[in-house]
Amino acid sequence: MPVDPQKIAARTALILLGAGASRRFGAQDKLGQPLWGRPLAHHALRAHSGLNWAEKILVCSTPAEWHGAFSEAGFNILTNPTADGGMLSSLQLGAKGTGEVSHFCICLADMPLIRPEHLLALLTASGQHPDRIIATESTDYIGVPTILPRQAIDLLPQRGEGGARRLMSGALGVPTPLEDLSDIDTMRDLERLETHQNAQDSSL
């Protein structure tokens with residue numbers, strides 16, 4: 001029987017993680033840095049905007065100007081006072097901030113190339129295998145974006161790095177091109193992505 005990914009989204013809370021320390025990036029707010037004419041984090045917002053999520057949570061470390069667009073899009077913005085506890089502390093905070101949902105979609109705010117089509121494929125796989133962890137898969141990679149059944153969160157520690165990585169060994173992978181999984185860790189990463197897009201535009 002065909003799966004409607006929007007119906008699966010309606011039982012799923014989106015948790016967008018943006019509270020990392022970004023030590024390799026420097027003193028500037030990484031997620032507020034411009035990329036292709038908008039703050040870096042707003043590219044994640046665009047990827048998720050057409051999906052009928054049951055709830056939308058943005059977990060951040062401090063208030064920032066770029067949060068406004070997320071508030072307007074219906075996100076509940078949670079500030080993690082213990083962000084130094086690693087990604088797991090932000091994931092747990094986001095999960096506790098939701099209501100009665102059966103699944104969580106975990107995404108990172110510094111991955112600007114995630115496509116809506118891939119999110120739909122993850123949701124479809126979750127609808128077909130509701131008890132499985134559904135993860136993004138590419139060459140030598142399996143991880144976020146990922147969809148977790150609510151009970152899987154209970155298997156994770158309250159603090160630490162790595163997010164849901166320790167659950168990935170049993171995940172069902174949904175393939176996507178490796179280049180779509182670029183994340184921004186340094187200013188050089190940001191500049192490289194900006195330059196690559198400009199080169200593509202000039203060749204059209």
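No value in this document is a laboratory result; all are computed from the given coordinates. On a predicted model such as this, the values are computed, not experimentally measured, just so you know. All Cβ positions, glycine included, derive from the backbone under ideal geometry; neighbour counts span all protein chains shown.
Neighbour counting of Cβ atoms within 10 Å sorts the residues 43, 129, 103, fewest neighbours leading, into 129, 43, 103.
Sum up the charges of everything whose Cβ sits under 9 Å from the Cβ of residue 103, counting Lys and Arg as +1 and Asp and Glu as -1, but leave residue 103 out. Intermediate values should be presented prior to the final figure.
Details: positive: 11, 150; negative: none.
Taking every other residue near residue 103 into account, the sum is +2.
Listed from fewest to most Cβ neighbours within 10 Å, the set 66, 36, 53 follows the order 36, 66, 53. Sites listed here are GluC sites (Glu not before Pro) in the range 37-125 whose DSSP assignment is loop and whose Cβ has at most 12 other Cβ atoms within 10 Å: 65, 100.
Applied to the range 60-70, the Karplus parametrisation 6.51 cos²θ - 1.76 cosθ + 1.60 on θ = phi - 60° returns per-residue 3J(HN,Hα) values of 10, 9, 9, x, 8, 4, 5, 5, x, 5, 6 Hz, with x for Gly and Pro. Taking the Cα atoms of the chain, the ratio Rg/Rh between the radius of gyration and the Kirkwood radius comes to 0.95.
Relative contact order of the range 5-202: 26 percent, from C-alpha pairs under 8 Å at least 6 residues apart in sequence.
As a proxy for reagent exposure, ranking 51, 93, 120, 155 by other Cβ atoms within 10 Å from fewest up yields 155, 120, 51, 93.
To the nearest 500 deg cm²/dmol, what mean residue ellipticity at 222 nm is calculated for the chain from DSSP H runs of n ≥ 4 alone, each contributing -39,500 (n - 2.57), summed and divided by the residues? Write out the running numbers ahead of the final one.
On the way: 7 runs with 63 residues, N = 204.
Theoretical 222 nm ellipticity from helices: -8500 deg cm²/dmol.
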